[in-house]
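The values are calculated or read from the model by the stated rules, or taken from the named source; none is laboratory data. This is a predicted model, so every value here is computed, not measured. Cβ placement follows ideal geometry from the backbone for every residue including glycine, while neighbour counts extend to all protein chains displayed.
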Amino acid sequence: MSATVLSAYRQEAKVMRCRMNARLAVVVAFAIPLSGCSGGKDREDQSEIAADMASAELPKTARAYVDSFITENPDRCFGKVELEKAVLEPRGNSIGVAVPPTRVIIAIDGSGSMAGVIGGESKLQLARQSARGFIDGLPSTVEAALLVFGQQGDNSEAGKAKSCRGVDLLAPMSTDRARLTAAVKEVRATGWTPLAAGLERAQALLNTSAKAGEQVIYVVSDGEETCGGDPVAVARRINGGNTRAVVNIIGFGLPSKEAAALKAVADAGGGGFVNVQTRADYERTIAEVRESNRQSANAVRTSNAISRNAVNAADQVSDASLCISNLVDGESKRMSDDLSARWKRGEKVPFSSEALRLARERHSALLDRAAAFSKKLGSDEEAASSEMRAAENVQR
């Protein structure tokens, strides 16, 4: 309240009191001294009244003053975060991948016996279809390669040496599915069965891995090793070494002795073995592989969704904290600068203490709101993660 306004208020109050006392003097039977109307005690009373009125106005004045520095709505600092939920597919598995894979190698037997027939269809044709089935449903980020062993030379004694050295990489390790599919057509049924050499070549394509089973080798063959190698030893080295890869084998029409030999390779490689005798066996096996691949894709979807939720939540919390901090700093600085300027000019600011208290109260509430926002968002993100993990575990 300015000095001019306060002076006018005091004068008006004094006149009103004098008039009231004059009326009372007429009514009562004895005179009341009216000396206070012109000074002394009356001036003190009027000062007290003015002080009381000014004091009553301070909170409203201080509130209006603080509000004049509020230029932004803090609601804008607290955006809504839409947390993801991974969409999962069911799975069945007897031969496939147990953990989300990073690399898959398909190794096909190119021996002459692969020209044989099962259920009216050649083993070679089934092997080509298998190659496509192995990658069907895998996450797009998984690298895959295709190699064939024994395709060179021929299956005669004269062609054995060349065939046993023949391990060809038809599609190098990549995420290019079109290239892999095109390479499948190049597989031929030609020579002998250098399974051990094929596994060694596959091992060379793998990386060092800290997680068992995230690299997988699928072998398609219709017979045991015929080039003198030791595929069991190689498979054990692949699975137990720094690649920690799994070797799965699908055999076509194997007699019991050869089936046992290939199963021993799969066992050493930590994988599964299936001996396909009919078209129905083949369909069931490939369906299981596809389901296994989809389960791996589910795990990847879950992991990716959880990671994205965590990043989005952290970003939102950081943005909200920075936004509120900037808002508080801005309001505080503008009000502080204004008060300083008023005091420098010698202007009395009776509401300054109350204004500063109200500003601190507002800013404390905003910081508490930011902390509550962070806590709730963290709780929501963890709940979403737990829900997705539980859903993914049901499919295991």
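Give Gly378, Gly346 a once-over and let me know the one that is in contact (Cβ under 8 Å) with a residue 24 or more places away in the chain and loosely packed, with under 15 Cβ neighbours inside 10 Å. Break it down stepwise before answering.
Working: Gly346 fails: in contact (Cβ under 8 Å) with a residue 24 or more places away in the chain.
Checking each option against the conditions leaves just Gly378.
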- Task: Tell me which residues, restricted to segment 313-343, are in contact (Cβ under 8 Å) with a residue 24 or more places away in the chain and closer than 16 Å to Thr61 by Cβ.
- Result: Met335, Asp338
- Message: Only one of Ala233, Ala259 is more than 40 Å from the chain's Cα centre (by Cα) and touching a residue at least 24 places away in the same chain (Cβ under 8 Å). Can you tell me which?
- Response: Ala233
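Yes/no per residue for (1) over 21 Å from the mean Cα position of the chain (by Cα); (2) not assigned by TED's automatic domain parsing to the domain that holds Ala371:
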{"site": "Ala287", "(1), (2)": "yes, yes"}
{"site": "Arg290", "(1), (2)": "yes, yes"}
{"site": "Arg308", "(1), (2)": "no, no"}
{"site": "Ile324", "(1), (2)": "yes, no"}
{"site": "Arg334", "(1), (2)": "yes, no"}
{"site": "Trp343", "(1), (2)": "yes, no"}
- Note on the structure: From the option list Gly150, Gly159, Gly198, Gly191, single residue qualifying as of a type outside the set (Ser, Thr, Tyr), in the same structural domain as Cys227 (by TED's automatic domain parsing) and in contact with a Pro (Cβ under 7 Å, 6 or more places away or on another chain) is Gly150
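Being not hydrophobic (A, V, I, L, M, F, W, C) and not in a helix (DSSP H, G or I) is the filter; apply it to segment 267-305 and report the residue that is surrounded by the most Cβ atoms within 10 Å (Cβ to Cβ). Talk me through it step by step, then tell me what you get.
Quick first cut of segment 267-305, residues not hydrophobic (A, V, I, L, M, F, W, C) only: 267, 269-272, 275, 277-279, 281-285, 288, 290-296, 298, 301-304.
Those left that are additionally not in a helix (DSSP H, G or I): 269-272, 275, 277-278.
Numbers: Gly269: 27, Gly270: 19, Gly271: 25, Gly272: 22, Asn275: 20, Gln277: 15, Thr278: 11.
The qualifying residue surrounded by the most Cβ atoms within 10 Å (Cβ to Cβ) is Gly269.
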- Query: Of all residues in segment 138-167, which are crowded, with 18+ Cβ neighbours inside 10 Å and charged (D, E, K, R)?
  - Reply: Glu143, Lys160
- Item | Whichever residue in segment 70-84 is surrounded by 14 or more Cβ atoms within 10 Å (Cβ to Cβ) and more than 30 Å from Ser336 (Cβ to Cβ) and, among such residues, is modelled with the highest pLDDT | Leu83
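Give the residues of segment 208-230 that are more than 15 Å from Gly269 (Cβ to Cβ), within 41 Å of the chain's Cα centre (by Cα) and not charged (D, E, K, R), sorted by residue number. Write out each step before concluding.
Going residue by residue through segment 208-230, those that are more than 15 Å from Gly269 (Cβ to Cβ) are 208, 210-211, 222-223, 226-228.
From what's left, within 41 Å of the chain's Cα centre (by Cα): 208, 210-211.
Those that are more than 15 Å from Gly269 (Cβ to Cβ), within 41 Å of the chain's Cα centre (by Cα) and not charged (D, E, K, R): Thr208, Ala210.
Yes/no per residue for (1) touching a Gly at 6+ places or on another chain (Cβ under 8 Å); (2) surrounded by 23 or more Cβ atoms within 10 Å (Cβ to Cβ):
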{"position": "Ala182", "(1), (2)": "no, no"}
{"position": "Gly191", "(1), (2)": "yes, yes"}
{"position": "Pro194", "(1), (2)": "yes, yes"}
{"position": "Ala202", "(1), (2)": "no, yes"}
{"position": "Ala210", "(1), (2)": "no, no"}
{"position": "Ala261", "(1), (2)": "no, no"}
- Exactly one of Glu392, Glu331 is farther than 29 Å from Ile70 by Cβ and either of a type in the set (D, E, K, R) or assigned to a loop (DSSP other than H, G, I, E, B) (or both), and that one is Glu392
- Message: Looking at Leu195 and the list (1) more than 27 Å from Arg284 (Cβ to Cβ); (2) under 42 Å from the mean Cα position of the chain (by Cα); (3) among the aliphatic types (A, V, I, L, M), which single condition is not satisfied?
- Response: (1)
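Would you check if Val247 is at pLDDT 95 or above, crowded, with 20+ Cβ neighbours inside 10 Å, among the β-branched types (Val, Ile, Thr) and more than 22 Å from Asp154 (Cβ to Cβ)?
Working: at pLDDT 95 or above: yes; crowded, with 20+ Cβ neighbours inside 10 Å: yes; among the β-branched types (Val, Ile, Thr): yes; more than 22 Å from Asp154 (Cβ to Cβ): yes.
Yes: the conditions hold for Val247.
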- Message: Looking at the structure I just gave you, is Arg128 over 33 Å from the mean Cα position of the chain (by Cα), of a type in the set (Lys, Arg), at pLDDT below 95 and not in a strand (DSSP E or B)?
- Response: yes
- Item | Number of the exception - Val246 against (1) of a type in the set (A, V, I, L, M, F, W, C); (2) more than 31 Å from the chain's Cα centre (by Cα); (3) under 24 Å from Asp168 (Cα atoms) | (2)
